[in-house]
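Everything on this sheet refers to the single structure shown next.
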Amino acid sequence: VDRDETARLSEGNRAVVTNDLEAANATADILSPKPFPAPVVGSLINLLRSFGQPFVRLFLPQLARQQQFNAHVARHMNQLQKTIEELRNAAEELSRLEERFAERSEAIDRRFSEKDAEKDAAFSSISARFNEAAKVHDEIEGQIGELMALRSMLRTAVERAPASSEAGRITKKTVTTKTPEIEPTSWSQLTEWMEDEDYRSFQDRFRGNPEVIAERMREHVVRFDGVEGRVADLGCGRGEFLDLLAEAGIDAIGVEINATDAEECRRRGHDAVVSDLLEWLSEQKDDSLGGVFMAQVIEHLAPPDWQRFVELAAAKLEAGGRFVVETINPGSLYALARAYVVDPTHIRPVHPELLSFLARRSGLCAVDVQFQAPVPDEERPTGLAFFQGDTSVEMSEELAAIREAMSRLDQICCAPQEYTLQATRPALREPA
């Protein structure tokens with residue numbers, strides 16, 4: 001019998017038992033007088049019954065015992081019915097718990113099945129990587145063996161070579177060379193080999209769509225809220241950030257070494273000058289700028305120019321002026337391999353701790369570094385998603401060690417691609 005049929009039979013039995021209990025409770029007291037329905041005669045008979053009740057109990061003790069028995073039976077039946085109701089409710093609650101347990105069990109089974117599939121895929125990927133590494137290792141060992149054999153052959157040939165005369169002997173000479181000093185190269189010098197139009201085409205190809213760049217730079221606009229002086233966008237490029245500043249009602253000027261880009265900025269209604277950014281900064285009055293902004297430019301400067309740039313910017317900012325620099329994160333191997341080496345005008349990336357040190361040393365305060373542009377999940381090494389997943393899942397010591405190693409590898413290879421440093425010119429100059 002299915003559950004619905006059982007419930008239907010149970011409800012029918014409950015109705016029968018309830019009716020029987022009501023009848024038993026109503027007739028259990030056989031000695032109590034029952035009201036007679038007739039108006040006059042009934043009242044007289046009921047009165048006689050009331051006076052005759054003690055005599056009935058006196059002369060008919062068996063009726064009293066029967067009434068006592070009936071009362072006990074009715075009381076026990078009522079208690080039994082109450083117990084049955086409690087058991088029925090408990091059975092229904094148990095049935096609900098059983099259904100919930102079945103649902104949870106199915107969910108857990110699905111979860112374990114998914115994790116097993118992910119684990120198998122991760123182990124397959126790792127196994128393939130190890131096999132590739134082993135193959136490369138074997139190839140390198142083979143090449144080393146060949147080089148060792150070649151060296152042995154050359155040594156034997158030299159030892160067997162005839163030495164008929166002093167002139168024919170092989171003599172060793174010490175050659176000394178002086179490494180020429182390399183002067184630091186500025187950004188403007190690096191771009192001399194590439195025409196303005198060529199570099200503009202290069203930017204369009206590798207920097208990205210202007211609308212996408214503008215959307216990424218929008219978060220920097222709020223960093224200049226409340227400044228009074230003009231904001232200088234150093235290396236303004238195609239003018240994406242100048243557009244955003246104008247949209248926010250912030251007065252700004254663009255400084256760009258590329259004449260084609262500067263002309264494009266002016267065509268879009270912005271004030272832009274063609275100049276080397278360090279030269280332009282040095283020509284400005286002290287305490288005259290409300291903000292200095294530089295995005296993806298400082299890596300084009302030589303290391304000696306980093307400190308000069310930060311010191312000049314700090315000197316030209318007014319009290320409360322903002323200093324904001326966005327650049328590539330050298331702590332991300334992904335960013336270095338996929339973006340930094342593409343641009344031939346890059347000189348060296350700047351570590352965020354070094355840039356923070358230079359900012360504080362130049363008298364800026366409230367130095368803050370924020371990382372952005374995470375590596376897309378589809379670009380991360382296969383298997384990292386599993387090893388960085390649910391840490392509540394128990395695993396063996398070997399698998400836990402692999403997870404820890406993969407997590408460290410992810411932190412090195414797939415750290416955020418960019419960072420932004422923000423600092424403020426204090427009201428009073430702080431000592432270096």
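Read-outs: derived from the displayed coordinates by stated rules, not from any lab. Predicted model only: the values in this text are computed from it and were never measured. Cβ sites come from the backbone with ideal geometry, for glycine too, and all protein chains shown count toward neighbours.
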Diffing the stretch 344-356: the Karplus 3J(HN,Hα) column from phi (6.51, -1.76, 1.60, θ = phi - 60°), in whole Hz with x for Gly and Pro, holds x, 8, 5, 9, 6, x, 10, 6, x, 5, 5, 5, 5
The computed P(r) of the stretch 287-340 puts the percent of Cα pairs beyond 14 Å at 60 percent
Exposure proxy check on Thr327, Thr260: fewest-to-most Cβ neighbours within 10 Å is Thr260, Thr327
Over its alpha-carbon atoms, the stretch 61-132 yields an Rg and a Dmax in Å of 30.9, 105
In whole Å, largest first, the alpha carbons of the stretch 195-349 cover along the principal axes 39, 34, 29
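Identify the trypsin sites (Lys or Arg not before Pro) of the stretch 282-331 meeting these criteria: DSSP loop state and at most 11 other C-beta atoms within 10 Å of the C-beta.
Working: sites: Lys285, Arg308, Lys316, Arg322; in loops: Lys285.
When the trypsin sites (Lys or Arg not before Pro) of the stretch 282-331 are filtered for loop state and at most 11 Cβ neighbours within 10 Å, Lys285 remain.
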Between Val222 and Ala259, the two model label points (7 Å from Cα along the beta-carbon direction) sit apart by a distance in nm of 4.1 nm
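Inverting the mean 1/r over all pairs of different Cα atoms, compute the Kirkwood radius of the stretch 318-372 and quote it in Å.
Values: mean 1/r = 0.0779 Å⁻¹.
Taking the inverse mean of 1/r over all distinct Cα pairs, the stretch 318-372 comes out at 12.8 Å.
If we sort 348-361, 237-250 on the protection proxy, mean other Cβ atoms within 10 Å, highest first, what's the order? Intermediate values should be presented prior to the final figure.
Working: 348-361: 16.8, 237-250: 19.4.
The packing order, highest mean first, is 237-250, 348-361.
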1/(1 + (r/R0)^6) with r = Cβ-Cβ of Ala91 and Asp276, R0 = 51 Å, i.e. FRET efficiency to nearest 0.05, evaluates to 0.05
Going from the fewest other Cβ atoms within 10 Å to the most, one would list Leu409, Leu97, Leu234 as Leu97, Leu409, Leu234
Per the rule of 0.36 nm per residue minus the C-alpha distance, extending Ser356 to Ser105 adds in nm 85.0 nm
